[in-house]
Amino acid sequence: MASIGDTPRNGAFSPFRHVQSQLVWHGTAALKTISINGRFLAQPLTGVQRFARELTAALDRRIGQGALPSPLLGSRWRIVVPAGVEIDLELQHMEVLQTGRSNGHVWEQSVLARATRQDLLVGFGGSGPLLHPHQFVVIHDATIFRHPEAFGRGYRALHKLLGFALTRTARVATVSEFSRRELSAVFRVPAEGIAVIHNAPDHFAETVPDGSIVDRLGLDDRGFFVLVGTLKPNKNVDFAIRAFQESALPGQKLVIVGGIHSHVFKGSGIAEADNIIFAGRLSDAEVAGLERQAIAFVFPSLYEGFGIPPLEAMTQECPVLAADIPAVREACGDAALYFDPRDRESLKQAMQLILAQPERRATLVAAGHANLAHFSWEKSTQALLAILAEMCPERLAKA
């Protein structure tokens with residue numbers, strides 16, 4: 001992995017001219033620099049950080065292959081990361097600049113802005129320097145507007161400001177057609193100006209399942225449903241737990257994976273229930289091991305920008321029971337058995353059906369295989385590179 005120190009770049013000449021959110025390259029001798037906002041490496045791993053990590057890794061592979069659009073050939077690529085942050089991505093073809101001791105929004109708005117002021121800056125985490133003139137940013141969803149109760153007041157205010165500013169000063173993309181419409185409505189900008197770069201599950205398909213987790217949790221093969229989630233209101237975990245309990249499915253258990261512990265439900269009867277297993281945070285290999293042997297994966301979310309967990313379950317041949325919401329319909333197509341995420345009876349019926357009809361389970365597994373062909377990090381990288389090529393067109397202008 002190439003590395004450079006925290007040193008200023010020589011010269012004040014900027015080879016980019018910003019015109020209506022487009023970058024026009026001047027001169028033929030200067031070397032273009034495309035910098036990745038690496039703040040995500042300092043953050044806990046959630047769906048946003050997974051997207052950033054996988055797309056950065058896929059981009060690094062394409063750079064090594066030389067498989068870039070012609071406007072990007074010969075570019076200098078680097079990732080800019082707060083000092084002291086562990087670089088655990090295997091990057092072979094990007095330089096690494098570690099600079100600045102903080103790792104939050106202050107770092108992004110000051111240190112990152114200064115270090116990349118002459119570069120094309122690429123951000124995958126929904127934020128970026130407000131005053132940067134040449135920037136591409138992925139905003140994943142509009143959850144803070146649709147479910148504000150899930151966020152603190154300061155967080156909401158900051159991200160509303162960032163969203164309104166960046167949709168007017170940067171080239172913006174999101175992860176689904178649904179989120180494109182949502183961002184257009186919320187930020188009052190034309191939908192056609194927002195690109196779509198899908199999430200993808202092939203990183204999970206390459207995971208070697210750890211089947212021993214089933215024994216460690218005291219489970220039986222095909223004797224449980226699995227759910228991956230948090231207690232954020234839009235994730236709707238409590239709904240799924242109560243629907244499962246009301247179903248009284250003989251011999252079945254519900255395994256909850258994520259930062260949810262039984263003490264959260266103390267006094268409700270849920271914490272003491274024998275058929276509810278709070279597994280806590282697990283590795284990808286352990287989650288894959290559960291999905292390989294579960295009767296089905298349950299995804300009860302009320303709001304998503306895309307919905308990657310159901311696709312990850314499909315890679316493990318696990319049938320998906322999914323909330324009937326637009327983003328999940330877009331991701332799963334006809335490869336899921338849908339239920340109303342506000343009607344417990346609807347989920348109960350879905351769980352009962354998947355148990356009573358083994359042929360339905362087999363059909364969903366086959367449909368899942370077909371659905372996965374629509375999404376890959378390779379396809380997402382191609383979409384990203386096409387956008388960056390538009391922002392940095394052929395160097396036809398003479399110096």
Run the simple label-point estimate for VAL208 and GLU345 please: 7 Å along Cα→C-beta, distance reported in nm.
4.9
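What is the sum of charges around ALA150, taking Lys and Arg as +1, Asp and Glu as -1, for the other residues whose C-beta is under 11 Å from the C-beta of ALA150?
My count for the surroundings of ALA150 gives +3.
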Nearest 10, in degrees from 0 to 90: the angle of helix 377-391 to the longest Cα principal axis of the chain is 30
Which of THR207, THR56 has the fewest Cβ neighbours within 10 Å, and the rest in rising order
THR207, THR56
Could you tell me whether the chain comes out rounded, prolate or oblate from its Cα gyration tensor? Rule is a ≥ b ≥ c as square roots of the eigenvalues, rounded for a/c under 1.5, then prolate if a/b exceeds b/c, otherwise oblate.
prolate
List the residues, sorted by chain then number, that are 5 or more residues from GLN98 or on another chain and whose placed amide H is less than 5 Å from its amide H.
ILE4, VAL81
Just the number, please: percent antiparallel of the DSSP beta bridges in the chain, rounded to the nearest 5.
10
Mind checking which of GLN293, GLN49, GLN349 has the largest fluctuation in a GNM of the chain, springs on alpha carbons under 10 Å?
GLN349
Dipole axis of the stretch 207-372 (+1 Lys, Arg; -1 Asp, Glu on Cβ), positive-most option in LEU337, ALA323, ALA367
ALA323
Once you've got the GNM for the chain with C-alpha springs shorter than 10 Å, pick whichever of LEU364, LEU282, LEU59 has the biggest mean-square fluctuation.
LEU282
Figure the gain on full extension for ASP221 and ASP88 (residue separation times 0.36 nm, minus the Cα-Cα span) and round it to one decimal in nm.
44.4 nm
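Can you give the longest run of the chain that contains no trypsin sites (Lys or Arg not before Pro) sitting in a DSSP loop with at most 13 other Cβ atoms inside 10 Å?
10-100
Below 14 angstrom from the Cβ of GLU177, what's the summed charge of the other residues (Lys, Arg +1; Asp, Glu -1)?
Spelling it out: positives minus negatives among the neighbours equals -2.
Only counting other Cβ atoms within 10 Å, I'd like MET314, MET391 sorted with the fewest neighbours first. List each step's numbers first, then the result.
Details: MET314 29, MET391 22.
Ranked by crowding around the Cβ, least crowded first: MET391, MET314.
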Lysine-lysine proximity count for the chain, Cα under 27 Å, sequence distance 8 or more or distinct chains
13
Classified through the alpha carbon gyration tensor (a ≥ b ≥ c as square roots of its eigenvalues; rounded if a/c is under 1.5, else prolate when a/b is larger than b/c, else oblate), the stretch 207-372 comes out rounded
Using a simple spin-label model with points 7 Å from Cα along the Cα→Cβ vector, what separation in nm is obtained for LEU45 and GLN65?
2.4
Using a 7 Å offset from the Cα along the Cα-to-Cβ direction at both ALA248 and LEU353, what is the distance between the two label points in nm, to one decimal?
2.2
When TYR338, TYR155, TYR303 are ranked with the fewest other C-beta atoms within 10 Å first, the list becomes TYR155, TYR338, TYR303
Segment LEU158-ALA373, extension gain: residue separation times 0.36 nm, minus the distance between their alpha carbons
73.7 nm
Whose amide H sits under 5 Å from the amide H of GLY333, counting only residues 5 or more places off or on another chain, with H placed in the peptide plane?
none
Dipole moment magnitude, nearest 20 debye, the stretch 41-125 about Cα centre, only Lys, Arg, Asp, Glu C-beta charged
200
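Please compute the alpha carbon radius of gyration of the stretch 91-248, then divide it by the globular-protein estimate 2.2 N^0.38 Å. Two decimals is fine.
1.34
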Gaussian network model of the chain, springs between alpha carbon atoms under 10 Å - residue of LEU337, LEU161, LEU231 with greatest fluctuation:
LEU161
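No lab work stands behind these numbers, since they all come straight from the coordinates. Keep in mind it's a predicted model, so treat the numbers as computed, not measured. No Cβ is skipped: glycine too gets one built from the backbone with ideal geometry, and neighbour counts run over all protein chains shown.
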